[in-house]
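The values are calculated or read from the model by the stated rules, or taken from the named source; none is laboratory data. Just so you know, these numbers come straight off a predicted model, no measurement behind them. Cβ atoms come from the backbone with ideal geometry, glycine included; neighbour counts cover every protein chain shown. All accessible areas refer to the heavy atoms of the entire protein, side chains included, with ligands and DNA or RNA removed. Shrake-Rupley method; radii C 1.70, N 1.55, O 1.52, S 1.80 Å.
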Amino acid sequence: MFGEELELQVVLKNGSTGGPGSAESIRLFALERQMMPLQIPDSGPFRGSFKLSKINAPDGLPVLLQVTYNGVNYNKMIPPVPMLRTRPQEVIVYDKTPDRSVIKTKSLLHLVREKEALVVSKVSILTNNTIPPKSFQNPNDPLEVYIPEGALEINAQLTQSTNQMAIPIPLTKGKNGWVIDRAILPGTSQLIVNYMIPSTNLSPTQFKDKLLFENREGEKVVFSKPKDMQVSFIGQKGIRPVPVDAPPDVTSNIVSYAGPQYEITLSVIGGEPIQETANQEREINNGSIFVSTEKTIYGVIGVLSFLFFLSFTITYRIRKE
C-alpha cells in the first residue's frame, strides 16, 4: 500500500503578524475512510520555509498536512497529484485570542420525522472577523452547544474556512452544555451537531432547545419535515415565517427565544415518517453525515444563502449517499 515517496516543501506564514510562521509539531495523515498517521522523522519546532524528510505514503491517496501552532491545529489537504505535491505547501497559522465576543453566530434547527425517532440537526455558522486575524480559543470560557436530555447518537463536525474539510469533533460535558473543544479560525466556520430524540407519530414528543453561545440575537431558523408534522414552540417570544420560499416538503419559521434563559420547548406530534430512511443506516464519513431523507436539502441551501444576506446567516450541507 505504501508505494509513493513523498518529500514536502512546507512554508509557514503567520496571518496575524504577516511574518514567517512557526509550529510546535507537524503530522501527516493518509486520507481514505479514516485518517491513517504517517511517520515522519522530523521533530519540531519548525519555522518559515523547510523540507520534511522523505517518507513512504500510500499511492493514490490524498495526504493531510497538519500543523500545530500555539496548541491549535491547521490542516491542509494535498491531492495525489505529482504537480501539486512538488510545489511548496503554504500553511497560514494565527495567534490566539481568548475574547469570545469576536465570534458572531447564526443558527438553524432541522427536524426530520422517522418511524421511531426525530432526527435533529443543529447548524451554526461562526464568523471570526478579528483584526488582525486571530484564532479564538478560551479553555476557561469555551463555546458550548445545548443538547437535550435523552438525546441519542450524538455526533458533531466542524468545517473551518481555511480548508473546507468537515472534521468530526468530540463533545464533552461542560457547565451549561457540551463543550466545542476546537479553536475557531479566522473567517467563517460551520458547526453541525446531530442527535436523535426517541419518538413516534402517535403521541406528542417534547424536548428543549437553548441558545448558549448563539444567543446574541435570540433567534433561530427552524425547518421541519414532513409538512404534516405539527411543531409548536412553548416559551417562544415570537414566530415569523422565513421570508423566502422554502422547499415544498418542509415547514420553515424564524423563532425568537426569550431572554434571559433563551430556552424553548418544542412539542412535536404527527407527521408521516420518512420511509426511505427508516431502515437505512446513517454514517459519518470524513466528517459528513449522510441522511437519505434529505433529498430537498439542496433547496434549503439556497434559502439559507439568501438568509445570509438578511443576517440570518446559515448554510446546511447534508447529502444523500
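Mind checking which strands (runs of 3 or more DSSP E) fall wholly inside the stretch 1-40 and carry at least 2 residues that are under 24 Å from the mean Cα position of the chain (by Cα) and in the same structural domain as LEU84 (by the TED database)?
Values: elements: 2-6, 9-14, 25-31, 35-38.
Answer list for the stretch 1-40: 25-31, 35-38.
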>> Being open to solvent by less than 10 Å² (accessible area, probe 1.4 Å) and out of contact with any Lys or Arg (no Cβ under 8 Å at 6 or more places or on another chain): is that true of ALA23 here?
In response: no
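Any residue at all in the stretch 34-43 that is among the charged types (D, E, K, R) and surrounded by 15 or more Cβ atoms within 10 Å (Cβ to Cβ)? Break it down stepwise before answering.
In the first step, residues of the stretch 34-43 are kept if they are among the charged types (D, E, K, R); the result is 42.
Going one step further and asking which of them are surrounded by 15 or more Cβ atoms within 10 Å (Cβ to Cβ), we end up with none.
There is no residue in the stretch 34-43 that is among the charged types (D, E, K, R) and surrounded by 15 or more Cβ atoms within 10 Å (Cβ to Cβ).
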> Among LYS104, LYS76, which is the only one that is open to solvent by 40 Å² or more (accessible area, probe 1.4 Å) and closer than 30 Å to LYS225 by Cβ?
Replying inline: LYS104
>> Step by step: first the residues of the stretch 140-157, then only those that are part of a loop (DSSP other than H, G, I, E, B) and open to solvent by 40 Å² or more (accessible area, probe 1.4 Å), then the one that is farthest from ASN176 (Cα to Cα). Which residue is that?
In response: GLY150
> Could you give every pair whose Cβ atoms fall below 9 Å, whose first residue belongs to the stretch 38-60 and is over 20 Å from VAL91 (Cβ atoms), and whose second residue is in a loop (DSSP other than H, G, I, E, B) and hydrophobic (A, V, I, L, M, F, W, C), counting only separations of at least 6 or pairs across chains?
Replying inline: PRO58/MET1; ASP59/MET1
>> When you scan the stretch 74-97, do you find a residue that is of a type outside the set (Lys, Arg), in contact (Cβ under 8 Å) with a residue 24 or more places away in the chain and under 30 Å from TYR262 (Cα atoms), even just one?
In response: yes
> Restricted to the stretch 176-190, and to residues that are in contact with an Asp or Glu (Cβ under 7 Å, 6 or more places away or on another chain) and not β-branched (Val, Ile, Thr), which residue is least open to solvent (accessible area, probe 1.4 Å)?
Replying inline: GLY177
>> If I ask for residues that are under 30 Å from GLN89 (Cβ atoms) and among the hydrophobic types (A, V, I, L, M, F, W, C), which ones from the stretch 141-190 would you list?
In response: LEU143, ALA156, LEU158, MET165, ALA166, ILE167, ILE169, ILE180, ALA183, ILE184, LEU185
>> Within the stretch 53-64, does at least one residue satisfy the condition of being exposed (fewer than 14 other Cβ atoms within 10 Å of the Cβ), on the phi > 0 side of the Ramachandran plot and touching a strand residue (DSSP E or B) at 6+ places or on another chain (Cβ under 6 Å)?
In response: no
>> Please go through (1) open to solvent by 70 Å² or more (accessible area, probe 1.4 Å); (2) out of contact with any strand residue (DSSP E or B) (no Cβ under 8 Å at 6 or more places or on another chain) for THR200 and return the number of the only condition it doesn't satisfy.
In response: (1)
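Being acidic (Asp, Glu) and assigned to a strand (DSSP E or B) is the filter here, so list the residues in the stretch 51-98 that pass it.
In the first step, residues of the stretch 51-98 are kept if they are acidic (Asp, Glu); the result is 59, 90, 95.
GLU90 - this is the single residue of the stretch 51-98 that is acidic (Asp, Glu) and assigned to a strand (DSSP E or B).
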